[in-house]
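The values are calculated or read from the model by the stated rules, or taken from the named source; none is laboratory data. These numbers come from a predicted model, not from an experiment. Positions of Cβ are backbone-derived with ideal geometry, glycine not excepted, and every protein chain shown enters the neighbour counts. These area figures cover heavy atoms from the full protein model, side chains too; ligands, DNA and RNA do not enter into them. Shrake-Rupley method; radii C 1.70, N 1.55, O 1.52, S 1.80 Å.
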Amino acid sequence: MKKLQFSVLAASLFFAGAQAQAVTMTVDAKSNIFGAGLSVAPAPGGGGAGLLPAAYNFTASAGNVLTFSSVSGQIGCCGPNGGMAGADGARWRTLVPSFGGISGVNHSDRFMFMVGVFLSDAAPGATAPAVLNFSDANDFSQLAPQIGQTFFIGDGRNAQGQIQQFIAPSNASRLYLGFVDAYNFNAAPGYYADNVGALQANFQIAAVPEAETWAMMLGGLSVLGALARRRKA
């Protein structure tokens, strides 16, 4: 009986470990994603550096997956009379280059959308990874950005309304959320001073067990179930 109780407890702890605590973060419209990992937000293009991006620390692990259950709120890029939009931004285009160790982002149809960056425990490198390109559809189910590579999040769902998965690098231990901004969204980063509003991002980062591990767990639980039924009989 003690062995059975111990096995059930171990299984319960395993499943609890596979689940992540839900996190809610406020992402101010002035959150400058190029300040990820820095103590001061940069604005090489002028117009105000804004604020450091919202940050969340987690334990680095192979298989960490970031998902968003909801992203709500309204933000704008050009003062209170410049129009407001949700997390997916508004219709225009974005072509902002990299700065320092944080990559820029290209989007053919949208601007002022929420983005993310993963970092390890180390400071951002001197050279940024490749700039990612997105389109209005944002029709991907999974994305695996590199350390320091800015990626589109928006509301965290694709064109079909399905929750998107962002695969964290195995050495990633920090997540930053913010925005890419620049003069006319086609210059060096900057112009955060006139941004208004904020988003509420609800997300979790969970280590998804490998298929073999799930198979072993399910097999073990089947054995436990059989033992429990036998004991009851």
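With Cβ to Cβ distances under 13 Å as the rule, what net charge do the other residues near ILE75 carry (K, R +1; D, E -1)? That sum, taken over residues with Cβ under 13 Å, equals -3.
Per residue, the average separation of C-alpha pairs within less than 8 Å and at least 6 apart gives the stretch 19-124 a relative contact order of 23 percent.
Overall, the accessible surface of the stretch 15-87 at a probe of 1.4 angstrom is composed of carbon and sulfur to the extent of 53 percent.
Using alpha carbon coordinates only, what is the Rg to Rh ratio of the stretch 42-102, with Rh defined as the Kirkwood radius?
1.01
Accessible area per residue for the stretch 87-193 is 39 Å², calculated with a 1.4 Å probe on protein heavy atoms, without ligands, DNA or RNA. Charge tally for ASN32 (other residues, Cβ to Cβ under 14 Å; Lys, Arg +1; Asp, Glu -1): -2.
Within the shell of other residues whose beta carbon sits under 13 angstrom from the beta carbon of ARG91, the net charge comes to -1, with Lys and Arg scored +1 and Asp and Glu -1. The peptide list 117-129, 21-33, put in order of mean Cβ contacts within 10 Å with the highest first, becomes 21-33, 117-129. Using the average count of surrounding beta-carbon atoms within 10 Å as a protection proxy, the listed peptides 146-153, 89-96 rank, highest first, as 146-153, 89-96. The relative contact order of the stretch 107-206 comes to 33 percent, based on Cα pairs under 8 Å that sit 6 or more residues apart. Taking the protein heavy atoms of the stretch 95-165 in the context of the full set of protein chains, the accessible area attributed to carbon and sulfur is 50 percent at 1.4 Å.
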